Each structure stands twice: as C-alpha cells, then as structure tokens.
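Trainee: One structure is given below, represented as structure tokens, and several questions about it will come after.
Read the figures in this text as sums done on the coordinates, not as results from a lab. Here the structure is a predicted model, which is why all the values come from computation and not from measurement. No Cβ is skipped: glycine too gets one built from the backbone with ideal geometry, and neighbour counts run over all protein chains shown.
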Amino acid sequence: MSKVVSLFSDTQKYVEHPVVVLADDDPSIRLMIRHVLESEDFDIVEAADGIEAIKAVEKHHPALVLLDAVMPGIDGFTTCKQIKDKGYTDVPVMMITGLDDDASVERAYDVGAIDFITKPIKWAVLKHRVRSVVATVVAERKVEMLAYRDTLTNLPNRLLFSDRLEHSLERAARHRESLALLLVDLDDFKLVNDSFGHDTGDKLIKAVGDLLARSLRRADTVARLGGDEFAVIVENIDGCEDAISIADNLSTILEHNVRLDEQETFTGASIGIALYPHDGEDARTLLKNADTALFRAKEKGRHCFQFYTPEMSVNAMERLELENSLRKALDEDQFVLYYQPTIDLHNNEIVSVEALLRWDHPDKGIIKPSEFLPLAEDCGLIIPIGEKLIRTAARQLRVWKQEGMEGQNISINLAARQFRDLDVLALFKEVLYENELDASDFTLEITESALIDNAGEVETVLNSLHGMGMGIALDDFGIGYASVANLKDFPVDIVKLDRQFVDGIPDSREATAVVEAIAGLTRGLRLRMLAEGIQNERQLQFLKGLGCQLGQGYYWSKALPPDQYGQFYLNRVYNLG
C-alpha cells in the first residue's frame with residue numbers, strides 16, 4: 001500500500017482531529033501520557049500490546065504512534081516493523097522505553113522509528129515532541145488532501161484514482177483475481193445546469209457521489225474524474241455476473257434514491273464496464289476500454305450499461321476518423337445544400353423547397369446526412385453546421401428572388417441540440433436582415449422527439465418565430481409519439497407524413513390505416529399534411545383522395561443542387577419541357 005493509498009483509506013476527520021495511538025502494557029503509563037496530552041486537540045487511542053497497536057493503526061491511520069519497546073507478545077520493535085511493512089510508511093512512530101543501550105536505539109531507527117524517548121519520561125519534552133510531529137503530519141496531510149481529493153464531493157480525484165487503480169491491478173495480478181472498472185456518467189446533466197443553474201448541478205454531483213460511496217463496499221473505490229463522470233473500482237469479483245449485478249444496482253439506486261433539497265430526483269446514468277484481465281492488463285488500456293463501453297452505452301439511448309468488446313475499439317477508431325473528417329469538412333467548406341421541391345397535389349404547382357444538407361466529400365463524393373449527422377450531434381459540430389445551413393439557404397433564396405423566382409419558401413430542418421446550444425431566434429433575425437428576406441419566406445422543420453426532449457425551450461422559440469410569420473412543420477409524424485397534444489400545444493402549420501407509411505400505400509392495410517388516421521387528425525385540427533416519398537401515380541391519387549395537400553418525392557424530383565433546382569423550377573413554371 002502506498003502513502004497516497006493509505007492516506008485516504010478513511011475520511012477527512014483524521015486531518016481535522018488527528019489520532020495518536022498509545023501502546024504500552026502498563027496502564028499507569030498510558031494514564032499519565034493521556035493526562036499530559038489531554039490539553040492538545042488529539043484523539044488518544046490506547047493499546048495494551050503490539051497486536052492491538054497494529055489494529056489501531058489500520059483502523060484510525062493515526063498521525064503518530066507512541067510505542068513501548070518492551071511488551072508481551074510481539075515487542076515494540078517488531079510492531080513498528082509490521083506497521084511499516086503494511087504500508088503505513090507515512091505514520092511516524094516514537095519508541096518509549098527504559099532501554100537506553102546503543103543497540104536498542106539503533107534497532108529502533110532500523111525498524112522505522114523517528115525518535116527514541118527513554119524512561120523515566122521527561123513530560124515537557126514528550127509533549128513538545130508529540131505536538132511538533134503531529135503538527136507536521138497534519139500539515140502534510142492537508143496539502144495532500146487538496147492534491148488528491150475532489151473539493152466538491154471529497155471523493156478521490158483523477159490523480160488518486162489512477163494511483164488506486166494501479167495498486168488494485170497489482171493486487172489482482174498477485175492473487176490472480178478479476179476486477180471491474182466502471183465509468184458512470186450522468187445522463188442529461190447539462191440540461192440540469194442549464195435549467196436550474198450550476199448550484200443545483202453541484203448539489204446533484206455531491207448527492208450522486210455520496211450515494212455511490214454509500215452503495216459500495218468499504219474496500220471499493222469511488223472517484224470523481226471530473227464534470228459528471230465517476231469511476232468505480234470493484235476488486236475480487238467472480239466474473240461478468242458480479243459486474244452486471246453491481247451496474248444494475250447502481251442504475252436502480254441512482255434512479256430512485258437521489259434527493260435534492262429533500263425532493264427525490266430522477267437521475268439516469270450510462271455505465272461502461274471493462275474487466276481485468278479480459279479487457280486489459282494495465283490501467284491505461286482498461287480505462288480506455290471502459291470509456292469506449294461508456295460511449296456505446298450513451299449511443300444505445302443512455303440509462304443503460306455496456307461491457308467492452310473489441311469491436312467497440314474498431315468502431316471508436318472509425319468514429320474518431322469520421323469526426324476528424326467532419327471538422328476538416330467544416331473548415332474546408334465541404335458541406336453543401338441540395339433542394340427538393342414541395343408540390344401542391346391539387347394544383348400541381350411548386351409551393352416551397354426543402355433545403356437538405358449534403359457532404360461533398362473530396363474522395364467519396366456526395367454523402368447523405370443520415371451517415372454523418374448523428375455523430376455531428378454527439379460531438380457538437382451540429383451547431384456550426386446548422387448555422388451554415390441557415391445562412392447558405394438564406395443567401396440562395398435571395399439569389400433566386402433576384403433572378404425572378406418568386407413565391408419560393410425554404411424549409412430548414414433543425415436538430416434538438418440546436419435549440420439548446422444555438423440562439424436560433426437571434427440567428428434568423430440576423431440572416432433575414434442581411435438578405436432582405438421575410439420570416440414568411442421560411443418554414444422551420446422539427447421532429448416530434450425534439451419537441452418532447454426540449455419542450456420548454458423549443459416552445460418559446462417556435463412561438464416567437466411563428467409570431468414573426470415563419471411556418472412550422474412537424475417532421476416524421478407517426479413514427480414516434482404521434483401525439484395529438486403536440487399538434488394542439490405547439491404552433492404547428494404542417495404535419496409531414498413519414499415516407500415509410502407512404503411506401504406502403506395503398507396496398508398495406510397497416511400503412512393505409514395509419515395514413516388515414518393522420519389525415520383525419522390534420523383535417524380535424526385544420527392543419528396541412530405533407531406526404532414524403534411519393535413515387536408513383538397510385539400513391540398520389542390515394543393521398544389526394546384523403547385530402548392531403550402537399551407532397552414530395554421522386555415522382556417529381558429528387559433533391560437537386562442549386563443550379564439544377566433553378567432549371568427544374570423554370571421548366572415547371574414556364575413549361576419549358
């Protein structure tokens with residue numbers, strides 16, 4: 001056991017109220033020493049022999065041991081050596097004895113004692129020496145507490161965690177045992193900070209740290225690595241079954257037992273698990289693999305745990321390469337917009353155009369958003385990409401207007417994260433002003449899941465934009481919540497029917513039933529319905545029969561680059577062939 005590890009085997013109270021272990025087989029000597037030291041702010045723990053002294057050191061991690069050299073059983077010299085051999089090298093030992101020969105003094109220092117006091121004891125000297133040694137130890141421990149403890153939770157910080165992991169792995173290798181490393185990351189913690197403030201966020205972190213520490217064995221290590229991420233080291237496990245039980249228990253405890261200001265708070269967590277020696281035999285590899293498993297848990301929807309598998313490392317490397325490519329694409333302006341027309345089904349006229357993001361990769365060509373947008377959302381690149389989309393679409397619309405393409409309305413898709421991290425309202429006001437456009441020139445598309453996940457923020461922004469004259473379309477309706485309340489409570493103008501339902505009509509009874517139900521809802525709420533993915537005349541006629549007003553699809557045109565869309569528009573408007 002190292003000095004760092006042994007120092008934090010218990011709580012901060014040993015710094016605030018230092019313990020002095022007094023070991024002597026003579027109770028009268030112990031009584032007199034206690035009387036002399038009682039004016040000092042020490043906790044005196046007595047021991048009648050060497051075995052009791054060793055147990056007291058293990059339990060209390062004292063600031064000093066006063067040790068009689070001659071005791072029944074094991075003598076003071078042997079006791080001192082065993083204390084040091086157990087790893088308590090930072091615990092000073094002072095020998096007290098009637099032996100005053102040179103050999104005894106030399107032996108005392110050889111076994112690790114720092115001082116040698118002979119009997120009869122000079123009490124003033126003893127008191128002064130004890131006070132001086134304890135003050136030095138307390139000062140050292142205060143410094144080390146600051147270096148190795150997280151100030152908010154008092155849990156081990158990353159530095160101490162690394163030390164403990166190294167020693168845990170050494171023990172596991174020596175005893176041929178398994179251990180589990182679990183990384184625990186709170187779900188949606190940023191939302192807590194943004195919604196309730198950093199003070200509440202700090203309270204939540206502290207509450208979770210306390211709960212994790214109470215929920216595990218004393219021998220286990222719980223550390224805060226930073227932010228909302230914790231690490232747990234569980235030694236001497238039988239295999240993955242034990243790790244599953246621990247992870248499942250932690251998930252349940254965090255979900256139902258975190259309390260803030262006496263109120264129960266739902267706290268979900270994602271957990272990544274790596275096992276020694278199966279997933280790594282050194283600290284660096286084990287930590288990297290646990291982190292990879294944690295990322296996979298978040299990818300799978302959060303509030304779950306995942307074990308590491310080698311395939312995850314391959315995926316992680318591919319993801320890292322793609323993320324680096326995305327950043328390069330943003331810097332080198334590789335993102336472009338394609339435009340797909342929206343048609344009035346009854347008049348067969350173009351009424352708007354949807355701006356669709358594409359990645360013009362220098363080697364792979366055009367890449368569709370489904371292949372890169374999920375990663376862009378995870379790593380935060382969706383924010384600058386989304387801003388580029390809005391600015392590019394606005395500039396293109398201004399160009400089209402200058403070329404005489406009147407009546408164009410551009411639909412723009414926004415992801416949930418953009419409502420949290422991007423000032424959408426201010427951005428639209430800026431681009432409208434810069435390009436001399438009106439809010440009515442735009443329709444903002446948002447998925448139903450984004451409405452649910454960020455209801456308060458989204459509703460405020462949508463109401464403001466809708467009040468300015470911007471249209472609001474609810475995208476992918478029917479594949480998620482399909483909630484009537486969302487259609488009533490939010491300022492929605494258009495409901496977009498997902499292409500997976502359009503694909504099945506009119507032959508699939510299930511798809512037909514869904515489309516008919518959504519058409520009935522939109523009619524009842526006086527909303528317009530837009531069907532995506534129309535490919536043939538049968539689908540078109542069926543939708544027109546249900547009263548669907550708008551449509552998109554290859555029946556008219558796929559998404560096109562700006563110049564090709566401009567030609568398509570002119571051909572349609574002026575019947576150019």
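Trainee: How big is the charge dipole of the range 318-410 about its Cα centre, in debye rounded to the nearest 20, if each Lys and Arg gets +1 on its Cβ and each Asp and Glu gets -1 on its Cβ? Each step should come with its number before you reach the end.
Mentor: Working: 11 positive and 17 negative charges, 46 e Å.
Its charge dipole is roughly 220 debye.
Trainee: Only helical DSSP H runs with n ≥ 4 go in: add -39500 (n - 2.57) per run for the chain, normalise by residue count and round the 222 nm mean residue ellipticity to 500 deg cm²/dmol.
Mentor: Working: 24 runs with 292 residues, N = 577.
Rounded to the nearest 500, it is -16000 deg cm²/dmol.
Trainee: Separate question: Can you return the lysines within cross-link range of K328? Criterion is Cα-Cα under 16 Å, with same-chain partners fewer than 8 residues away left out.
Mentor: K364, K388
Trainee: A further question follows. Counting pairs on different chains as well as pairs 8 or more places apart, how many Lys pairs in the range 158-308 have Cα atoms under 24 Å apart?
Mentor: Lysine pairs, 8 or more places apart or on different chains, close enough: 9.
Trainee: Set the bar at 25 Å for Cα to Cα. Now go through K496/K544; K55/K122; K401/K558 and name every pair that lies beyond it.
Mentor: Working: K496/K544 15 Å; K55/K122 28 Å; K401/K558 22 Å.
As for pairs spanning more than 25 Å Cα to Cα, those are K55/K122.
Trainee: List the trypsin sites (Lys or Arg not before Pro) within the range 348-447 that fall in a DSSP loop (any state other than H, G, I, E or B) and whose Cβ has at most 10 other Cβ atoms within 10 Å.
Mentor: K364
Trainee: Work from the charge dipole of the range 158-308 (Cβ charges, +1 for Lys and Arg, -1 for Asp and Glu, about the Cα centre) and give the residue of A269, L159, L191 farthest towards its positive end.
Mentor: Farthest towards the positive pole: L159.
Trainee: While we're looking at this one, here's another question. Starting at the first residue of the range 537-542, write each ³J(HN,Hα) from the Karplus equation 6.51 cos²θ - 1.76 cosθ + 1.60 with θ = phi - 60°, in whole Hz, x for Gly and Pro.
Mentor: So the J values, rounded to whole Hz, are 5, 4, 5, 4, 5, 4.
Trainee: For the range 145-188, give the magnitude of the charge dipole about the Cα centre (Cβ charges: +1 Lys/Arg, -1 Asp/Glu; no others), in debye to the nearest 20. Don't skip to the answer; put the middle values down first.
Mentor: Working: 6 positive and 8 negative charges, 72 e Å.
Once rounded to the nearest 20, the dipole reads 340 debye.
Trainee: How big is the dipole moment of the chain about its Cα centre under a simple scheme where the beta carbon of each Lys and Arg is +1, that of each Asp and Glu is -1, and everything else is neutral? Debye, nearest 20, please. Don't jump to the answer; show the numbers that get you there.
Mentor: On the way: 62 positive and 96 negative charges, 87 e Å.
Once rounded to the nearest 20, the dipole reads 420 debye.
Trainee: Taking the 0 to 90 degree range and rounding to the nearest ten, how far is the long axis of helix 455-468 tilted relative to the main principal axis of the chain, both from C-alpha atoms?
Mentor: 30 degrees
Trainee: Still on this structure, I have one more. Count neighbours as other Cβ atoms within 10 Å of each site's Cβ, and list the trypsin sites (Lys or Arg not before Pro) in the range 141-223 that are DSSP loop with at most 11 such neighbours. Spell out each step's value before the answer.
Mentor: Numbers: sites: R141, K142, R149, R158, R164, R171, R174, R176, K190, K203, K206, R214, R217, R218; in loops: R176, R217, R218.
Within the range 141-223, the qualifying trypsin sites (Lys or Arg not before Pro) (loop, at most 11 other Cβ atoms within 10 Å) are R176, R217, R218.
Trainee: If you take the charge dipole of the range 158-308 about its Cα centre, with +1 on Lys and Arg Cβ and -1 on Asp and Glu Cβ, which of F295, N236, L212 is farthest toward its positive end?
Mentor: The residue sitting farthest along the positive end of the dipole is N236.
Trainee: How much length is gained if the chain between L570 and I74 is pulled fully straight, taking 0.36 nm per residue apart and subtracting their Cα-Cα distance, in nm to one decimal?
Mentor: Values: separation 496, 0.36 × 496 = 178.56 nm, distance 10.18 nm.
Answer, rounded to one decimal: 168.4 nm.
Trainee: Could you tell me how many degrees, from 0 to 90 and to the nearest 10, lie between the Cα long axis of helix 310-331 and the main elongation axis, the longest principal axis, of the Cα atoms of the chain?
Mentor: Computed tilt is about 60 degrees.
Trainee: Classify the chain from the C-alpha gyration tensor, please: rounded if a/c falls under 1.5, else prolate or oblate depending on whether a/b exceeds b/c. Walk me through the numbers before you get to the answer.
Mentor: On the way: a/c = 3.43, a/b = 3.26, b/c = 1.05.
It is prolate, given that a/c is not under 1.5 and a/b is the larger ratio.
Trainee: Can you grab the distance from the C-alpha centre of the range 394-449 to the C-alpha centre of the range 483-559, Å, no decimals?
Mentor: Measuring centre to centre over Cα atoms gives 24 Å.
Trainee: Also: Of all DSSP beta bridges located in the chain, what percent are antiparallel, nearest 5? Write down the numbers at each step before the final one.
Mentor: Values: 41 of 82 bridges.
Antiparallel: roughly 50 percent of the beta bridges in the chain.
Trainee: Taking θ as phi - 60°, what are the ³J(HN,Hα) couplings along the range 395-411 by the Karplus curve (6.51, -1.76, 1.60), each to the nearest whole Hz, with x for Gly and Pro?
Mentor: 5, 5, 5, 4, 4, 4, 5, 5, 8, x, 7, 7, x, 7, 10, 9, 8
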